[in-house]
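Visitor: One structure is given below, represented as structure tokens, and several questions about it will come after.
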Amino acid sequence: SEELNKLGQIQVISREEGSGTRDTFASLAGFNKDGADGIDKTVNTATIADSMDSVIETVNKNPSAIGYVSAGTTGIDGVKTLEINGEAVSDNKGKYPLTRSFYLAYSDVEQDFMTYVQSAGQEIVSGHYETIAKNATFLSNQSEGTIRIEGSTSMAALMKEIADAYKKINTHATIQVTATDSTKGLNSVMSGNCDMAMSSRDLKDYEKEL
């Protein structure tokens, strides 16, 4: 169309290998794997961004660019979002075709925080995403210690918000949230370099055995 001709060649903005957002998007869009190397079918001319904020910033600066981020990403209002089969992500998260789950992989010392995430923390989740459970009353056991959380940039802002709310209830806890990507976070928790991993893709079988 004339409008597309004005835009010129579409510039694809993708995420780095190891990103849970990239892995899940490729799977949902039907171009997840291509050959023995296991690399998805993202075009080799794509610009690679290493975080959600970088994707949004790049798309915002280039009217011919298109990329993908989580719907709950801060700053997404600055760019246009696409409807799929007439469904807008802001209207009904449950019916939008490109949906996924978020995961927290953890060991055995963070149970109090996980209980908060799965109960009262769901109120925070509901402001951005579809919840996994109903908001419920939470009573902390006031355990002390530091929880180091690493992984998906898609989850980082949400996790920081939840962590800040939890720390107001349990002032004995320190929580550090570091955004890397899903695979790096999972590898980090498996190697003992952090306590929890944020993943925005499904866990592989060996990862489920954490």
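Visitor: Give me a count of the residues in region 41-67 that are surrounded by 18 or more Cβ atoms within 10 Å (Cβ to Cβ), without any contact (Cβ under 8 Å) to a residue 60 or more places away in the chain and touching a strand residue (DSSP E or B) at 6+ places or on another chain (Cβ under 8 Å). Give the steps one after another, and end with the answer.
Guide: Let us first name the residues in region 41-67 that are surrounded by 18 or more Cβ atoms within 10 Å (Cβ to Cβ), namely 42, 49, 51-52, 54-56, 59, 67.
Adding the requirement that they be without any contact (Cβ under 8 Å) to a residue 60 or more places away in the chain leaves 42, 49, 54-56, 59, 67.
With the extra rule that they be touching a strand residue (DSSP E or B) at 6+ places or on another chain (Cβ under 8 Å), the set shrinks to 42, 49, 55-56, 59, 67.
Residues meeting the conditions: 6.
Visitor: Next up: Within region 115-210, which strands (runs of 3 or more DSSP E) (wholly inside it) include 3 or more residues that are free of Cβ contacts under 8 Å to residues at least 40 places away in the same chain and touching a strand residue (DSSP E or B) at 6+ places or on another chain (Cβ under 9 Å)? Working first, answer last.
Guide: On the way: elements: 145-151, 173-179, 196-199.
The strands (runs of 3 or more DSSP E) meeting that bar are 173-179.
Where a number appears in this text, it was derived from the coordinates with a stated rule and is not lab data. Worth saying up front: this structure is predicted, and the values here are computed from it rather than measured. Cβ atoms come from the backbone with ideal geometry, glycine included; neighbour counts cover every protein chain shown.
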